[in-house]
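Values quoted throughout were computed directly from the atomic coordinates according to the rules given, and no laboratory measurement underlies them. Note that the structure is a prediction, hence the values are computed from the model and not measured. Glycine gets a Cβ as well: all are built from the backbone with ideal geometry, and neighbour counts include every protein chain shown.
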């Protein structure tokens, strides 16, 4: 019994790390810029496909996966820059509805581009040997790929928190949401902050995409399958609250992995229920601010 | 306005006689999709609630009909009523949570609702048939002919459109537009915002469910993909294309969308890419949609605001 609980605890933590990696980018962009990017999940999916491409191109070399990891971050950052120049910087000042509609249209465009470039068959990334091992203690199994995802989540969480809370850039970014008019008056180039935040959010989505390649198959449905959970994580934690996202990712990941033990088909529904209840009691989420509701 | 309505009715009636089988199919689909677009437009164009979740009620309506037909063997008309009731009930339950939220929270929650509905239909294999969907949803023999089904659809859609017109010109519709323009002020006037929003949400669910019960016997096969957020995207795109706050918006949007779909699908399978780009263009350059464009061209006065007065 104890072993079962520890195994589920571990898989729940890994799931939380994945939720956190995906949702933190969304939260960051919303918290600083005030734009909700519906196509964030498409970036996550594209990152997985790019990782697959590099891993396949370099498969005869040593450390091909790690090279693909670095290269996909590079490529995705450039891609994010291009998207920022073409689309995002034109919609920051627009109404909420228009922002959502444009990024929603982008979901369709990006998903179809993925289908054109990579086809619709599921692809498998060749994992390095170190990530296929399983550390076993009695009947407790800790797969190395899970530990990798967990480390990735913890690392990105801590570094983003450090960036936001302890550096000058972070303080400016946090001010950018509330004092949109004041920052330019102080001589701070607010559009460069927006640009940096968008690239950072895509960077976090890329980490999630790479993390997914060691957990499962790369395919067109991978973004959709995490959509409910990620949005629920975001809503439960409170929109724009970075710490809230971390806490609610933990809650959702753990409750998912324990719910799946008892009601296998209903685990996702359980998270939905959780979000529904929390929204009825605290519409602004666990750690969100009341004023940020609109 | 009444003249325009009569002309449109005549147009659709004559259309059913003159066109061939393929275009009759397209025209029927266009009529059904008008209802789907209407359900989005009522929420976004009138009430100001951006919903990405209309497919949930579309799917639940179709499944309510199909399940009572195939699993319980009920006759045709009770099946239609059960489908409609189930989508309205689902809209009531989910709407109860959703309308408490505003802005971005509402949009997110509707995405969650539609994906949730999709997963329930997808995973409940024993009851809904999961990924296989449900086949063999034949309409009764007197509607078996495509022409008969077209006119049956036309009657229902025309009455629904009349009801939509009545809703928009009623005090209730006016309150909805007031909520869209200024939510805080309308509350001071003494109008219960939450109840009006819930009413709009349920009505939108009703229209989407109506589209669902017309769609299922039309294609004779349904799949859970009807209820996911890509399917919701169709309602969103049709509404935006036509101009969500205009009375004629849904029909224009659905007409153009279905026609383009039938036309473009002959050349390429990458239809979402193209419709995505079109919507991109419309949101950036003509926020009133096609109807808005024509309307501003006809009135051609600069002092008239583009979005406010339509009905």
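Cβ crowding within 10 Å, taken as a proxy for footprinting-reagent exposure, orders A:190, B:155, A:271 from fewest neighbours to most as B:155, A:190, A:271. Neighbour counts of C-beta atoms inside 10 Å place B:79, B:178, A:232 in the sequence B:178, B:79, A:232, starting with the fewest. So if the hydrodynamic radius of the range B:2-226 is defined as the Kirkwood radius over C-alpha pairs, what does Stokes-Einstein give as its diffusion coefficient at 10 °C and 1.306 mPa s, in µm² per second? Approximately 87 µm²/s, per Stokes-Einstein. Once the C-beta distance of residue A:131 and residue B:270 is scaled by a Förster radius of 35 Å, the resulting FRET efficiency is 0.50 to the nearest 0.05. Taking the Cα centre of each part, how many Å lie between the range A:177-231 and the range B:205-263? Answer, in whole Å: 31. For the range A:175-219, the convex hull spanned by the alpha carbon atoms encloses 80 Å³ per residue. Spin-label model, residue B:188/residue A:154: points 7 Å from Cα along the beta carbon direction are separated by 5.4 nm. The range A:1-53 and the range B:25-54 have Cα centres separated by 32 Å. Per the Cα gyration tensor, the protein assembly as shown maps to an equivalent ellipsoid with semi-axes of 41, 29, 23 Å, ordered largest to smallest. For the range A:146-236, what are the per-bin percents of Cα-Cα distances with bins 10 Å wide, up to the bin holding the maximum? Reading the bins upward from 0: 14, 36, 31, 16, 3.
With neighbour counts taken as other beta-carbon atoms within 10 Å, the residues B:125, A:61, B:152 rank, fewest first, as A:61, B:125, B:152.
With Rh defined as the Kirkwood radius, the inverse of the mean 1/r over Cα pairs, the Rg/Rh of the range B:19-139 is 1.01.
Here the range A:56-180 is described by how far its Cα atoms reach on the three principal axes: 55, 42, 29 Å, from widest to narrowest.
The mean sequence separation of alpha-carbon pairs under 8 Å and at least six residues apart, normalised by the residue count of chain B, gives a relative contact order of 31 percent.
Using 0.36 nm per residue and subtracting the Cα-Cα separation, the extra length available between residue A:120 and residue A:3 on full extension is 38.2 nm. Projected label points at residue A:273 and residue A:185, each 7 Å from Cα along the beta carbon direction, are separated by 5.1 nanometres.
Is the C-alpha gyration tensor of chain A telling us rounded, prolate or oblate? Criteria: a/c under 1.5 is rounded; beyond that, a/b larger than b/c is prolate, otherwise oblate. Oblate, since a/c reaches 1.5 and b/c is not below a/b.
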